[in-house]
Structures are given as C-alpha cells and as structure tokens.
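Step one of this worksheet: look at the structure below.
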Amino acid sequence: MKLLLVEDDERIAEALAEDLTDQHYAVDIAHDGEMGWELLEAFTYDLVLLDVMLPKMDGLAFCRQMRDQGLDIPVLMLTARDTTANKVDGLDAGADDYVVKPCELEEISARIRALLRRSPMTSPPILEWEDLKLNPNTCEVFFQEGLIALTPKEYSLLELFLRNKRRVFSRAQILEHLWAYEVLPEEDTVKAHIKGLRHKLKGAGAPNDLIQTVYGFGYRLKQVS
C-alpha cells in the first residue's frame, strides 16, 4: 500500500518513512503543503500522514481542500499542538485521526492499520483467494496453511492483487502503487518480481497461473469460474 507523508521536519520524516517502509508500505515524502498537494494530484495513495504546521500550505488547509474536492482518503494528522481545541480543529478540517508529537512509531503504525481497516477503500483484515491467505497485521502469507516466505516487494505485489481481485494492473500502474516516486525503477523490475512471486507460489502448491498475464494489458489474479 502507498502512503503520502507531508512533514517539514526532515529527521522525523525520514525516521517515520524508514519504519513504514520496513512494514511493506511505499512512502512518498513532501516537506511542504504545496509539494504534498502536487504528489496527491499525481499519484494514488491509500492514506495521508499530515503535519499541521507546514510551510506554503498548512495541514488544516490541505485537509479541507482534500475534503472539498471529494477525496475520501484516510488522513492521520501529526502535530505538536496538543490542546482539545487543536484536536477539534484537525478533526473538523476532515482528519480521521490525530496524533500528538512526540509519539512512538509503534502507535503511529497501529493507528495507520486501524484507519486502513475502517477505510472503504480497503478489504477485510485477512485477504483470501481460494486457498491463499494474506494477513496484513502480521505480514504473513499462507497457502493451504503453509507459510510462504516472500520478499517485501513480492508481499506488496500480492497484497495489491488481493485488494483488487478483479482488476488488471499494467506494469506502470504497479510501479506507481508499490514504489516511491523518487525511486521508480524500470518496468522490467515488475516482470522480475512477478516471476519471483509466481515461483514461490508454485513452490507452495499454488496453481501455475494464479497470477495471470493478460496480454497487452498487464497482470491479475486468475478469475475463479
């Protein structure tokens, strides 16, 4: 899943992005509100982490603009402002949750998971496709109760398919969903990760064509008849 982090404190942003990347999220960072808005218009995100005190466009204005334009992406506000009035302002601006800094990374991660579970854009906690199961809370994948060891990108690729079970993804779309914009690789990288994922699924007993190639379009899960 892909997150947008809008935070002007580079030290906090880098530490948080590193922690979230370790949890298999792709994270884009913006250090001011205008840059964050440009990224939001250019890419698709599952959740926005938003500081309140930002240069160029503050977090409250950013959030209001999102809601005014009908964007229902979950927003988790991060701020040093800790009064009740500050929290009310953030929630009234359209935020879904509000975290006061400094805050433990574990708590932020837990709040992100909670928001994603509640979001209509996401699927139930355990993602299933016939005998295949993926648990986003533990980052574990099973086929017929057997644990499959995947690389972070293979895991994220499978999660993308399981959250969008009937959608065909082109290589370019997969890159946009699973890589931060600053480190987008060539499309052949997707092909290599698809090959690795198929090999591991096959080794666990899954059908050879569980990840289908839709020629001329991209990839999707094999449709159940």
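Structure notes:
- Share of carbon and sulfur in the accessible heavy-atom surface of the chain [1.4 Å probe, %]: 49
- Packing-based ranking of 19-29, 35-45, 104-114 yields 19-29, 35-45, 104-114, ordered from highest to lowest mean Cβ neighbour count within 10 Å.
- Across Tyr181, Tyr155, the residue with the most accessible area heads the list, and the full order at a 1.4 Å probe is Tyr181, Tyr155.
- Accessible area in square angstrom per residue, the chain, 1.4 angstrom probe: 51
- Assigned charges on the beta-carbon of Lys, Arg, Asp, Glu; the chain dipole about Cα centre (debye): 1280
- At the listed q of 0.10 Å⁻¹, the Debye profile of the chain, built from one uniform point per Cα, gives log10 I(q)/I(0) equal to -0.48.
- Label sites at Ala15 and Thr138, each approximated as a point 7 angstrom past Cα along Cα to Cβ, lie 3.0 nm apart.
- Taking each DSSP H run with n ≥ 4 as -39500 (n - 2.57) and averaging over every residue of the chain yields -12500 deg cm²/dmol at 222 nm.
The values are calculated or read from the model by the stated rules, or taken from the named source; none is laboratory data. Here the structure is a predicted model, which means the values were calculated and not measured. Here Cβ is always computed from backbone atoms with ideal geometry, including for glycine, and neighbour counts include all displayed protein chains. Ligands, DNA and RNA are stripped out before the accessible areas are found, and what is left, the full protein with its side chains, is counted by its heavy atoms. Shrake-Rupley method; radii C 1.70, N 1.55, O 1.52, S 1.80 Å.
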